[in-house]
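Novice: First the structure, which I've put down as structure tokens, then a few questions once you've had a look.
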Amino acid sequence: MAQLAEENGWYFPEIRIGLRTGDTKPSERQKMAKTPPHILITTPESLYILLTSKSGRLGLEEVNTVIIDEIHAMAGEKTRLSPVLSIERLCALSTQPITRIGLSATQNPIEETARLLVGTDNIDAPGNPDCSKTQTDGSRPLDLDLHFPKYGVGAHSKPRIMG
């Protein structure tokens with residue numbers, strides 16, 4: 001998109017994306033601290049860890065969007081408070097309002113997690129979160145081709161295949 005904008009003489013701002021999960025390599029963590037992301041993609045656990053260290057908090061003031069994968073981890077009774085506080089801490093560090101996006105393949109009911117994700121300032125008197133929610137049934141079309149060896153797949157066909 002940036003190349004297309006440049007070719008047409010349009011201004012296109014740089015958008016940096018940071019991914020922080022339990023699998024993120026130390027070199028990537030250092031890179032993210034040196035070149036802070038605008039969009040942070042993380043899990044509830046990784047966000048908590050990121051915010052607990054001074055080096056992890058470096059640059060988070062530039063984050064304007066946080067995408068929390070595995071958001072259903074926030075909805076459990078025992079784990080609810082820590083991830084919610086982590087999101088609020090991230091918002092306090094940022095110099096601008098943060099768009100919050102939650103992703104989950106298993107979250108149900110979605111309303112409960114939406115309330116946790118948006119924070120208390122964005123819930124109306126009846127308890128409805130002020131946000132957009134999208135939920136699918138999870139089904140996807142399947143396109144499958146099966147290919148079998150000429151002589152079958154059982155142990156009895158090994159001599160024929162081996163020659």
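No value in this document is a laboratory result; all are computed from the given coordinates. What you see is a predicted model; the values in this text were computed from it and never measured. Every residue, glycine among them, receives a Cβ derived from its backbone with ideal geometry; neighbour counts consider all protein chains shown.
Novice: So what are the ³J(HN,Hα) numbers for region 14-30, from phi and the Karplus equation (6.51, -1.76, 1.60; θ = phi - 60°), rounded to whole Hz, Gly and Pro as x?
Specialist: Taking θ as phi minus 60°, the curve returns 5, 10, 9, 10, x, 10, 10, 10, x, 8, 5, 6, x, 5, 5, 5, 5 Hz for region 14-30.
Novice: Pull out the extension gain between ASP121 and LYS133, defined as 0.36 nm times the separation in residues minus the alpha carbon to alpha carbon distance; nm, one decimal.
Specialist: Stretched fully, the ASP121-LYS133 segment lengthens by 2.6 nm.
Novice: Once R0 is set to 35 Å, what does the formula 1/(1 + (r/R0)^6) return for the Cβ-Cβ distance between PHE12 and LEU103, expressed as a FRET efficiency to the nearest 0.05?
Specialist: 0.85
Novice: Sorting check: for 109-121, 60-72, which peptide has the highest mean count of neighbouring beta carbons within 10 Å, and how do the rest follow?
Specialist: So the order, starting with the most tightly packed, is 60-72, 109-121.
Novice: Mind giving me the FRET efficiency for ARG140 and LYS54? R0 is 35 Å, r the Cβ-Cβ distance, nearest 0.05 is fine.
Specialist: 0.25
Novice: A follow-up question, please. Counting Lys +1, Arg +1, Asp -1, Glu -1, what net charge surrounds ASN128 among other residues with beta carbon under 14 Å of its beta carbon?
Specialist: Residues near ASN128 contribute -3 overall.
Novice: A follow-up question, please. Using all alpha carbons of region 2-139, what is the percent of pairwise distances in each 5 Å bin, ordered from the shortest bin to the longest?
Specialist: Reading the bins upward from 0: 2, 9, 18, 21, 17, 14, 10, 6, 3, 1, 0.
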